[in-house]
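Data first, discussion second: the structure below is written as structure tokens.
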Amino acid sequence: MSGYGFGSKKPPADKPAGTIDLGGLPSSLPPLKREDEARAVAVGETLGFVDRGQGIRRRKPAAMPSVNLYVKGPQDVIQWFIDYTDGQGHSAYWKSIEDFKRFMEDRDQ
């Protein structure tokens, strides 16, 4: 059976296998004239391009450290907690725990 052409060409002895010949590519960017840049910006504006503030990066706030908690308890107590969370419109159980924490802190003062 033929090798479908794979491995039929041997790389030149002076170049290791797997390298790419980049000899014809320029090593630096071509010089940019202010007139050319201004013309390109004007054409871009006529086409509807808008400057989005390149170079300005917004950082995401650091994620709050979190832990998992598995709670096992009587069904009626756990169901009450789930109903309370849903009733308050919380999207996570920890928000209901935060409510309880605030309640306890206010009570202690």
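The values are calculated or read from the model by the stated rules, or taken from the named source; none is laboratory data. Only a predicted model underlies this, so the values are computations on that prediction, with no experimental measurement involved. In this analysis, Cβ positions are derived from the backbone assuming ideal geometry, glycine residues included, and neighbour counts consider all displayed protein chains.
Key figures
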{"item": "Any hit, the stretch 92-99, residues being of a type in the set (S, T, N, Q) and over 30 Å from Ala38 (Cα atoms)", "result": "yes"}
{"item": "Cross-chain or 6+ apart pairs with Cβ under 7 Å, the stretch 42-62 first and at pLDDT 90 or above, then exposed (fewer than 10 other Cβ atoms within 10 Å of the Cβ)", "result": "none"}
{"item": "Within the stretch 18-109, helices (runs of 4 or more DSSP H) holding 2 or more residues that are hydroxyl-bearing (Ser, Thr, Tyr)", "result": "75-88, 93-108"}
